[in-house]
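The values are calculated or read from the model by the stated rules, or taken from the named source; none is laboratory data. Remember, it's a predicted structure, so these values are computed and weren't measured experimentally. Cβ coordinates were reconstructed from backbone atoms using ideal geometry, including for glycine residues, and neighbour counts include every protein chain displayed. For the accessible areas, the whole protein counts, side chains as well, though only heavy atoms, and no ligand, DNA or RNA atoms are used. Shrake-Rupley method; radii C 1.70, N 1.55, O 1.52, S 1.80 Å.
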Amino acid sequence: MNFRPWRPVLVFVGLTFGAAVVGLRWGDAALVGLAAGVVALVASALGAGETDPWPRYRPPDQSGTRRDVMALTWSFIGREGRVSEFAVRRVRLDATRRLAQRGVVVPGGLGAATRTSPDVSDDVRSQARALLGDRAWFILTTPGGTMPSLADIAHCVEVVERLEPPAPPAPTTRGLS
């Protein structure tokens, strides 16, 4: 809110003393100050109802920021104790990315067809299943129709979070003398 009740009072007092210093009698100086105070009161009240404008530029959200995590959390809410399809797709996408960072690239990403797709080799399937564990593998590669429970998807999120990429190699100092 933009309204400041002390501004008209300051205008009144300041102009009253200013007019008295210039040579007006106190009654006339008070009248000049009162008129200016009323104008200041009306001017400040006109802008009092305006809301502050939203910032014009908002930097884009980075992956994993609070807003991103909040949207994912709200997307978990589905029907009958199950999560939404969006949540399953999002966890599959994150799992695919984390597996690729570990060197296990699943063509087409994790999905309902991963278990039977001819594009995915048996070696990639077994590596992905070993990294995810049987329960998460089953949940993330089950064909549609029935969505997993919140406990199942929470397990998958924990497994995917543990799939951190390997540490980068330490820099060498050879040849830098």
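If a residue must be touching a helix residue (DSSP H, G or I) at 6+ places or on another chain (Cβ under 6 Å), modelled with pLDDT under 90, open to solvent by less than 50 Å² (accessible area, probe 1.4 Å) and not small (Gly, Ala, Ser), how many such residues does region 108-136 contain?
Adding up the residues that qualify gives 2.
Hey, does region 124-131 have a residue that's within 27 Å of the chain's Cα centre (by Cα) and outside any loop (DSSP other than H, G, I, E, B)?
The answer is no; no qualifying residue exists.
Select from region 80-131 the residues that are closer than 15 Å to Pro165 by Cα and touching a Leu at 6+ places or on another chain (Cβ under 7 Å) and list them in ascending order.
Result: Ala95, Thr96, Arg98, Leu99, Arg102, Val104, Ala128, Leu131.
Could you grab me the full set of residues in region 139-164 that are closer than 16 Å to Thr96 by Cβ and over 29 Å from the mean Cα position of the chain (by Cα)?
Within region 139-164, Thr142 is the sole residue that qualifies.
Looking only at helices (runs of 4 or more DSSP H) that lie completely in region 1-96, which have at least 2 residues being among the hydroxyl-bearing types (Ser, Thr, Tyr) and modelled with pLDDT under 75?
Working: elements: 6-22, 26-46, 66-75.
Result: 66-75.
Pairs under 6 Å by beta carbon, first residue of a type outside the set (A, V, I, L, M, F, W, C) in region 32-46, partner surrounded by 15 or more Cβ atoms within 10 Å (Cβ to Cβ) and modelled with pLDDT of 90 or more, six or more apart or different chains?
Close Cβ pairs satisfying both conditions: Gly33/Thr16.
Provide a single number: the residues in region 97-107 that are assigned to a helix (DSSP H, G or I) and open to solvent by less than 30 Å² (accessible area, probe 1.4 Å).
1
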